[in-house]
1. Quick one: would you say A:Glu269 is assigned to a helix (DSSP H, G or I) and either free of Cβ contacts under 8 Å to residues at least 40 places away in the same chain or over 15 Å from the mean Cα position of the chain (by Cα) (or both)?
2. Considering only the range A:112-141, state which residues are under 19 Å from A:Val163 (Cβ atoms), more than 10 Å from the ligand (Cβ to nearest atom), more than 14 Å from chain B (Cβ to nearest Cβ) and outside any helix (DSSP H, G or I).
3. What are the residues in the range A:150-173 that are within 15 Å of the ligand (Cβ to nearest atom), of a type in the set (Lys, Arg) and away from every other protein chain (no Cβ under 13 Å), if any?
4. Does A:Arg220 satisfy being within 15 Å of the ligand (Cβ to nearest atom) and either polar (S, T, N, Q) or closer than 23 Å to A:Leu379 by Cα (or both)?
5. Would you check which residues across the range A:187-225 are in a helix (DSSP H, G or I) and touching a strand residue (DSSP E or B) at 6+ places or on another chain (Cβ under 7 Å) and list them?
6. Among the residues that make up the range B:99-113, is at least one of them within 12 Å of another protein chain (Cβ to nearest Cβ), out of contact with any helix residue (DSSP H, G or I) (no Cβ under 6 Å at 6 or more places or on another chain), in contact (Cβ under 8 Å) with a residue 40 or more places away in the chain and farther than 18 Å from B:Thr149 by Cα?
7. Of all residues in the range A:234-250, how many are more than 6 Å from the ligand (Cβ to nearest atom) and either within 14 Å of chain B (Cβ to nearest Cβ) or under 11 Å from A:Arg212 (Cβ atoms) (or both)?
8. For the range A:170-197, name all the residues that are surrounded by fewer than 21 Cβ atoms within 10 Å (Cβ to Cβ) and over 22 Å from A:Glu110 (Cα atoms).
Amino acid sequence: MARALLRPDAQGYFGPYGGRFVPETLMAPLAELSAAYNRWSRKRTFRNELRDILAHYAGRPTPLYFASRLTEKLGGARVYLKREDLLHTGAHKLNNALGQALLAKTMGKERVIAETGAGQHGVATATASALMGLSCTVYMGAEDCRRQRLNVDRMRLLGAEVVPVESGSRTLKDAINESLRDWVTNVRNTHYILGSVLGPDPYPRMVRDFHRVIGDEARRQLKKQAGTYSPDVAMACVGGGSNAIGLFTAFIEDRKVRLIGVEGGGRGETLGEHAARFDGGSLGVLHGTRTMVLQDREGQIAATHSVSAGLDYPAVGPEHVLLRDLGRVEYTHVSDAEAIAGFQLLSETEGLLPALESAHAIAHAAKIVPHLPKRDIVLINLSGRGDKDVESVLEYLAEHQDDAVDPEIAGVSVHPAVHKWGTPRGGQR
Amino acid sequence: MSAISEVFAECRRDKRAAFIPFLSAGDPNLQTTGSLLQALVMGGADIIELGVPFSDPIADGPVIQSASVRALEAGTSLSGILRLVARQRDRLGVPVVLFTYYNPIHVRGVENFAEQAASSGVDGVLCVDLPPDEAGEFIQAMRQHNLDTIFLLAPTSTRDRIAKVQASSTGFVYYVSRTGVTGDQGALPKELVKQARRLRRKLHHPLAVGFGINTPEQVAAVAKVADGVVVGSALVKLVAEHGASPRLAAVLEERVRQLTAPLR
Ligand SMILES: Cc1ncc(COP(=O)(O)O)c(C=O)c1O
């Protein structure tokens, strides 16, 4: 089963999911991109050049870190973190941006565009463009520009044009809409560097391939550091699903490894209040691919909410849906409040400010690790660092200082907001 | 022969191109759209393209995007649009083509959709983000209910794509005049005439051209090389400007009359 999974069929389908649902204008360019990717990704020159850039410029391999204080605090399985937060620019996104930028350059494109939610993919694309001398435009929802301002500034300093998108919910979905409109218009000289395992074929497989280095490295590092290739659990947050698939791919055929993807549970179960596609979604077609989508009964795409801009999106990568169907990966979600608690937990026990996206994986780990045997190993992809989220976290804590703390979070005894950053109030500590 | 094919046959006999106006259904509400369809016919429409609003219209520029937002805010649904077509189709006397994104169809199932569309009197469906490569099931269902399937070609389409679209289309083929989204304000692309001529020789179907055609002069230019001319954003803009005004229908009819003047 597993080997076949890794290769979508000729039409770009993972089982019934995937495909190329795009306007005619993009069909021939996608075929061309697909052919170029198939050709160059097999060539030693291309692979060596990319490997070289990843090693000497981006900082691969990233470390595998045994989080001893977190392990002690949770009192169950041993927790290892794959440190993608240490990759240049501060998130896993650069693996893919460098791969695609190199491909774009090889294809003779002069300009690249990208969408971004949290801003990490935008920063990664702006960085890769500066490195390779490509002109770069990044589309970003206006709401995301606000909550991830640091990254907007970084992109501009890197020489990219950042276009705030004011339509729709002004988040990632709308940034992808605008990127596709740009691409349809400028496709002859422009490559679209899509930032997750989303969109029409070949993106889901190409983006996955550029990220599979995460799991491949982690597996070898685990063998060296813990004596086994097989963690008992491997987990990651799932926005579009690129960091998760990058981690999972190395372990898919190793059935001993339990794989868990964590979505953004937002602030409630009603449509519009979360980004838990596997829980509240249904089969749909969005942004070129057939997959699980949050939508209403008329097929209009629903608004989403997540405290994390990178998870705030109504669809999930098609390969994930097949992995769910096959029972190979479990998908779950944690709430905004839990993610914030996860952020605090990792910050205070390990001195690592995680990206709010990654904090979702930490929060879910905090729930399950205490119940796992001490000899077990839990591998978490720390997909990015949290500097970009400092403002959002403070804002969240200020707004929620009076909220009751979820018992499950309290169970890992994270300081409630009011205790630390809230306005001091009589009688409360 | 389908009603759409008959229109093109008739236009060929008259040695003129068909005029195909586009409106976003439900902008500003479905009741208004109902009254506007009649105005389109009075002004000289041969076929009407009715846009189904979608939350994420990636092939549309700002004008039709805003129209979709207004329509959705007014509660427009595909079911409502089909009911409108059912009430009006016979009275209109011209074929109606739905111009839509795929997801609203996908969610109700292609078979259900085809049955409902056919029983409402819809003549054909054009799905912007459903290329023939993905349309096997869709085409089958549409054929079963005698609905025309209109596919698009674009300046980037290669020879084998042209063959695919040729094989999958009925009624007519829609040529997108430029790489881009709807509503472009610029001049017509220089290559358009050559490309349309070349396609028309290759295709067994009538060829309609759309995207960024705004003025009577542009209609006249395109009519020389195509069997049909589609005008969308220029009309949708009028709806946006005159929204609630009782004069909207008259204004629209007059504009369509101006646009069709070169075809008479
Ligand atoms: C640090 C980080 N992790 C995760 C994500 C979510 O994306 P994906 O699910 O594709 O990994 C993002 C997206 O912006 C991110 O910046």
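1. Values: assigned to a helix (DSSP H, G or I): no; either free of Cβ contacts under 8 Å to residues at least 40 places away in the same chain or over 15 Å from the mean Cα position of the chain (by Cα) (or both): yes.
When the stated conditions are applied, A:Glu269 does not pass them.
2. A:Val112, A:Ala114, A:Leu134, A:Ser135, A:Cys136, A:Thr137, A:Val138, A:Met140
3. A:Arg154 - this is the single residue of the range A:150-173 that is within 15 Å of the ligand (Cβ to nearest atom), of a type in the set (Lys, Arg) and away from every other protein chain (no Cβ under 13 Å).
4. Numbers: within 15 Å of the ligand (Cβ to nearest atom): no; either polar (S, T, N, Q) or closer than 23 Å to A:Leu379 by Cα (or both): yes.
The answer is no for A:Arg220.
5. As a first pass, look at the range A:187-225 and keep what is in a helix (DSSP H, G or I): A:203-211, A:213-225.
Answer for the range A:187-225, where residues must be in a helix (DSSP H, G or I) and touching a strand residue (DSSP E or B) at 6+ places or on another chain (Cβ under 7 Å): A:Pro204, A:Ile214, A:Ala218, A:Gln221, A:Leu222, A:Gln225.
6. Within the range B:99-113, not a single residue is within 12 Å of another protein chain (Cβ to nearest Cβ), out of contact with any helix residue (DSSP H, G or I) (no Cβ under 6 Å at 6 or more places or on another chain), in contact (Cβ under 8 Å) with a residue 40 or more places away in the chain and farther than 18 Å from B:Thr149 by Cα.
7. Summing the residues that are more than 6 Å from the ligand (Cβ to nearest atom) and either within 14 Å of chain B (Cβ to nearest Cβ) or under 11 Å from A:Arg212 (Cβ atoms) (or both) in the range A:234-250 gives 6.
8. Scanning the range A:170-197 gives a single hit, A:Arg170.
The values are calculated or read from the model by the stated rules, or taken from the named source; none is laboratory data. Keep in mind the model is a prediction, meaning the values are calculated, not measured. No Cβ is skipped: glycine too gets one built from the backbone with ideal geometry, and neighbour counts run over all protein chains shown.
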